[in-house]
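Participant: Sharing a structure here in structure tokens format.
Please treat every number below as a calculation from the coordinates, not as lab data. None of these values were measured; they are calculated from a predicted model. Cβ sites come from the backbone with ideal geometry, for glycine too, and all protein chains shown count toward neighbours.
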Amino acid sequence: MNVFAEAFAWIFSPDRLTGSLPLPLAVWQHLAFTFGSVAIAAVIAIPLGWLIGHTGRGREIAVALSGAARALPSLGLVVLLVLLLGVVHKTEAAVVAFVLLAIPSILAGAYAGFEAIDRTVIDAGRAVGMTEWQVLWKVEVPLGLPLLIGGLRSATLQVVATVTIAAYVGLGGLGFFIIQGIQIRSFPQILGASLIVVALALALDGLFALLQRFVVPRGVAGRGARRPRERSGAPTAAAAAATS
Amino acid sequence: MTWVFDNLDLIWSLTLDHLRQSVIPIVLGFVIAIPVGWAAWRYTTLRGPVLTTIGLLYTIPSLGLFALLAAAGVPLISETNLIVALTIYGVAIMTRSVTDGLESVDPATRDAAIAVGYGPWRRFWTVDLPLSGPVLLAGLRVTATSTISLATVGVLIGQSNLGYLFTNGFQRRIVPEILAGVVAVVVIALIVDLLLVLAGRIAMPWMPRRTQTRSERSAARARLAGGVA
């Protein structure tokens with residue numbers, strides 16, 4: 001366990017507060033890239049996903065898109081965009097790559113959330129005289145929230161991991177220490193920075209797990225817990241994401 | 001395009017490395033996930049902790065996992081490290097599929113097998129596992145695609161595969177080289193995916209084709225669960 005002692009010594013060394021990239025700044029960069037990219041992706045993907053979920057149109061395209069996106073190597077996408085947009089604009093290029101990687105999960109979460117809703121609930125909304133707009137905002141959006149949060153959670157974790165790799169193009173963030181550590185063969189530095197990245201990912205995962213628990217509308221949570229497998233797809237998927 | 005035609009030999013040899021580095025984890029992940037997923041399905045007390053742990057493994061960023069494995073004794077700059085890490089991610093995806101798959105088997109079918117005298121071992125191999133097939137296949141397709149794409153990160157720990165085209169292309173500022181790498185990875189993932197679908201059709205001719213099945217829902221869930229890069 002000596003390696004861990006050295007890694008912690010690296011993390012808590014006073015040198016981490018000085019130098020070209022102080023550790024707190026790297027953590028901040030990492031978080032800023034992650035939340036910034038996920039926010040931009042959310043602005044694009046959530047309305048689109050809701051539109052697909054509400055109308056039921058374009059689902060096949062969305063499914064194919066998220067399947068293809070999984071095959072897209074994130075490192076390749078980052079270096080490709082950085083070269084295409086020019087190294088001067090590497091920050092913008094990397095953010096574009098992160099946004100592209102975050103969109104499929106959020107899109108899937110948004111439309112899957114709507115799809116998972118029992119059709120009779122939506123029909124009941126129409127039957128009591130709700131307009132389409134009301135059906136969307138008062139029925140579909142609240143009931144679809146748990147899966148949407150699940151999508152945001154996957155997207156965030158994907159981006160946290162990709163930001164780490166993107167340090168290869170000189171973007172900063174926690175990956176900087178890992179990649180530099182590999183070059184200078186300093187294992188305490190590699191492990192120390194890795195431990196922070198892992199802790200960051202786990203903390204964000206936990207945060208979204210909590211959020212997911214809070215956004216379940218009252219009255220739905222109880223029923224979902226009592227008969228989790230009945231409507232198969234939806235509640236189980238939410239539960240799955242919550243435990244994963 | 002000229003770059004691609006001038007370097008077909010390089011692309012081909014990197015492709016072979018890439019296939020070796022991804023097929024081994026895909027197979028290992030599948031094989032390891034079967035007993036783990038079965039245990040999580042069979043013993044309800046285990047299910048929560050096992051699936052939670054496995055889910056947490058999947059949230060670990062790849063560069064972080066390489067370092068953690070190195071701390072556990074695997075040489076950092078080695079193909080073993082890449083393969084072990086990819087196997088861990090494969091197990092993380094597949095275990096849930098195995099549990100979901102076994103859960104999708106109609107209990108009446110299982111009871112019928114017990115009634116005609118199948119012991120637990122034979123029942124598992126001839127009834128439960130084959131009937132979980134469609135869900136397993138969906139999980140395996142997700143595992144295969146993400147493993148093939150993720151393997152490129154191996155270049156950052158000194159492993160030569162299609163990811164080499166990204167780092168080399170970046171250093172030498174050759175856009176076609178990087179593009180060739182991205183396209184090659186996507187094409188390989190697509191081919192392996194098609195092969196898996198084909199194998200599924202042959203192994204499970206009874207499998208429904210067009211209707212939205214449990215397996216598709218499981219695939220959707222796998223898509224939603226976590227995300228490593």
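Participant: With viscosity set to 0.890 mPa s and temperature to 25 °C, compute the Stokes-Einstein D of the protein assembly as shown, Rh being the Kirkwood radius across alpha carbon pairs; µm²/s, no decimals.
Facilitator: Numbers: Rh = 23.1 Å.
Roughly 106 µm²/s, to the nearest whole number.
Participant: In Å, what is the Rg of the alpha-carbon atoms in region A:40-93, and how long is Dmax?
Facilitator: 14.7, 42
Participant: In what order do A:Phe12, A:Phe114, A:Phe187 fall by count of nearby beta-carbon atoms within 10 Å, going from fewest to most?
Facilitator: Fewest-to-most Cβ neighbours within 10 Å comes out as A:Phe12, A:Phe187, A:Phe114.
Participant: Something else: Could the peptides A:64-72, B:154-162 be put in order, highest first, of the mean number of other beta-carbon atoms found within 10 Å of their residues? Before the final figure, lay out each step's value.
Facilitator: Numbers: A:64-72: 18.3, B:154-162: 22.6.
In descending order of packing, they fall as B:154-162, A:64-72.
Participant: Below 14 angstrom from the Cβ of A:Ala161, what's the summed charge of the other residues (Lys, Arg +1; Asp, Glu -1)? Mind dumping the intermediate values first?
Facilitator: Numbers: positive: A:Arg70, A:Arg153; negative: A:Asp205.
Cβ neighbours under 14 Å give a net charge of +1.
Participant: What is the magnitude of the charge dipole of the protein assembly as shown about its Cα centre, with +1 placed on the Cβ of each Lys and Arg, -1 on the Cβ of each Asp and Glu, and no other charges, expressed in debye to the nearest 20? Mind dumping the intermediate values first?
Facilitator: Values: 34 positive and 23 negative charges, 241 e Å.
Value, rounded to 20: 1160 debye.
Participant: Counting only other chains, what is the mean number of Cβ atoms within 10 angstrom of the Cβ of each residue in peptide B:163-170? Intermediate values should be presented prior to the final figure.
Facilitator: Details: counts 4, 0, 3, 10, 5, 1, 4, 10.
Mean shielding count: 5.
Participant: Can you compute the charge dipole magnitude of chain B about its Cα centre, using +1 on each Lys and Arg Cβ and -1 on each Asp and Glu Cβ, nothing else charged? Give it in debye, rounded to the nearest 20. It would help to have the intermediate numbers written out before the result.
Facilitator: On the way: 17 positive and 12 negative charges, 125 e Å.
Using Cβ point charges on Lys, Arg, Asp and Glu, chain B gives about 600 debye.
Participant: Rounded to the nearest Å, what's the spacing between the alpha carbon centres of region B:135-170 and region B:1-71? Just the number, please.
Facilitator: Spelled out, the Cα-based centre of one part sits 9 Å from the other.
Participant: Separate question: Using Cα pairs under 8 angstrom and six or more residues apart, how large is the relative contact order of region A:82-178, in percent? Show your work: numbers first, answer last.
Facilitator: On the way: 85 pairs, mean separation 33.6, N = 97.
Normalised by residue count, the contact order of region A:82-178 is 35 percent.
Participant: Take peptide B:181-194, look around each residue's Cβ out to 10 angstrom, count Cβ atoms belonging to other protein chains, and average those counts.
Facilitator: Details: counts 5, 8, 1, 2, 5, 7, 1, 1, 6, 3, 0, 1, 3, 0.
So the per-residue partner count for this stretch is 3.
Participant: Using the beta-carbon distance between B:Val31 and B:Ala108 and R0 = 30 Å, what value does 1/(1 + (r/R0)^6) give for FRET efficiency, to the nearest 0.05? Don't skip to the end; give the middle numbers.
Facilitator: On the way: r = 29 Å, r/R0 = 0.97.
The calculated FRET efficiency here is 0.55.
Participant: With N set to the number of residues, divide the alpha-carbon radius of gyration of chain B by 2.2 N^0.38 Å and report two decimals.
Facilitator: Numbers: Rg = 19.6 Å, N = 229, 2.2 N^0.38 = 17.3 Å.
Against the empirical 2.2 N^0.38 Å value, I get 1.13 for chain B.
Participant: Turning to a different aspect of this structure: Can you put A:Tyr111, B:Tyr58 in order, fewest other beta carbons within 10 Å first?
Facilitator: Details: A:Tyr111 31, B:Tyr58 24.
Neighbour counts put them in this order, fewest first: B:Tyr58, A:Tyr111.
Participant: Bin width 5 Å, origin at 0, all Cα-Cα pairs of region A:1-145: what percent of pairs per bin?
Facilitator: 2, 9, 13, 13, 13, 11, 11, 9, 7, 6, 4, 2, 1, 0
Participant: Could you put B:Thr143, A:Thr18 in order, starting from the residue whose Cβ has the fewest other Cβ atoms within 10 Å? Intermediate values should be presented prior to the final figure.
Facilitator: Values: B:Thr143 26, A:Thr18 9.
The most exposed by this proxy come first: A:Thr18, B:Thr143.
Participant: How large, in Å, is region B:25-144 by the Kirkwood hydrodynamic radius built from its alpha-carbon pairs?
Facilitator: On the way: mean 1/r = 0.0654 Å⁻¹.
For region B:25-144, the Kirkwood estimate is 15.3 Å.
Participant: Another question about this same structure. In Å, what is the Rg of the alpha-carbon atoms in region A:93-185, and how long is Dmax?
Facilitator: So, for region A:93-185, Rg and Dmax equal 19.9, 68 Å respectively.
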